[in-house]
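Just so you know, all these numbers are worked out from the coordinates, no wet-lab data involved. Note that the structure is predicted; figures quoted are calculated from it, not measured. Positions of Cβ are generated from backbone atoms using ideal geometry, with glycine treated the same way; all protein chains shown enter the neighbour counts.
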Amino acid sequence: MQLEILSALVCFVVTVNAAGCPLGFVHHKRSCYWFSVVKGSFAEAHAYCQYLEGHLATIESRDEDLFVRGHARRHGKAHHYWLGGTDLNIEGKWMWEGQRRFSFTNWYHRQPDNAGHREHCLEIRKHFSHYLWNDWICSHNLNFICEKKL
Ligand SMILES: [Ca+2]
Ligand SMILES: [Ca+2]
């Protein structure tokens, strides 16, 4: 009986701590990712990710982009997800949180287009060739992806 309880407990702990990611996060390489089930503006999404002790996802390589887009395609329920990039400071100068310039990009064709002079936040969109990148209006309510580095 005691052994059953112990093995159940061990099972539970292992499930929670698989790869060291928080519950509900997906592991890939040296990060954990959370594909939100709630929506928010870019600023709200940023705050949600901070609350979960992460940050809006930053895509720094083709491999990471393939993982995130692949996961969104296979398991994602949302048509849009915020990522953690903006050109809020200076129009056309895209940066990740912490003022880091983009080292890799995967924009949909003719994006970023800064349509109406009011698109300054980075989203991935299902209808743009399966989640290629687009600049979009920061106040729109979208799902989002948080990342927590291991
Ligand atoms: Ca812009
Ligand atoms: Ca756009």
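Among residues that are out of contact with any helix residue (DSSP H, G or I) (no Cβ under 8 Å at 6 or more places or on another chain), within 16 Å of ligand 2 (Cβ to nearest atom) and under 23 Å from Ala47 (Cα atoms), Glu64 is not included.
Residue check: His79 meets all listed conditions (1) of a type outside the set (D, E, K, R); (2) out of contact with any Phe, Trp or Tyr (no Cβ under 6 Å at 6 or more places or on another chain); (3) within 16 Å of ligand 1 (Cβ to nearest atom) but one, namely (3). Total residues in region 41-56 satisfying the condition of being more than 16 Å from Lys149 (Cα to Cα) and within 11 Å of the chain's Cα centre (by Cα): the figure is 1.
Among the residues making up region 122-150, those that are in a loop (DSSP other than H, G, I, E, B) and away from ligand 2 (no atom under 11 Å from the Cβ) are Lys126, His127, Ser129, His130, Tyr131, Cys138, Ser139, His140, Asn141, Leu150. In summary, Cys21 fulfils each of the numbered conditions (1) in contact (Cβ under 8 Å) with a residue 24 or more places away in the chain; (2) within 24 Å of Leu88 (Cα to Cα) with the single exception of condition (2).
Of all the numbered requirements in (1) more than 16 Å from ligand 2 (Cβ to nearest atom); (2) part of a loop (DSSP other than H, G, I, E, B); (3) buried (at least 17 other Cβ atoms within 10 Å of the Cβ); (4) among the charged types (D, E, K, R), Glu119 misses one, and that requirement is (1).
Taking region 29-88 as the range and being without any contact (Cβ under 8 Å) to a residue 60 or more places away in the chain, of a type in the set (Lys, Arg) and in a helix (DSSP H, G or I) as the test, the residues that pass are Arg62, Arg73, Arg74. Among the residues of region 89-102, is any part of a strand (DSSP E or B) and crowded, with 17+ Cβ neighbours inside 10 Å? Yes, the conditions are met somewhere in region 89-102.
If the condition is being within 12 Å of ligand 1 (Cβ to nearest atom), surrounded by 20 or more Cβ atoms within 10 Å (Cβ to Cβ) and of a type in the set (Val, Ile, Thr), then region 122-145 contributes no residue at all.
Going through region 103-116 one residue at a time, which ones are within 13 Å of ligand 2 (Cβ to nearest atom) and either in contact with a Phe, Trp or Tyr (Cβ under 6 Å, 6 or more places away or on another chain) or in a loop (DSSP other than H, G, I, E, B) (or both)? Working first, answer last.
Within region 103-116, the first condition is being within 13 Å of ligand 2 (Cβ to nearest atom), and the residues that meet it are 107-116.
Listed by number, the residues that qualify are Trp107, Tyr108, His109, Arg110, Gln111, Pro112, Asp113, Asn114.
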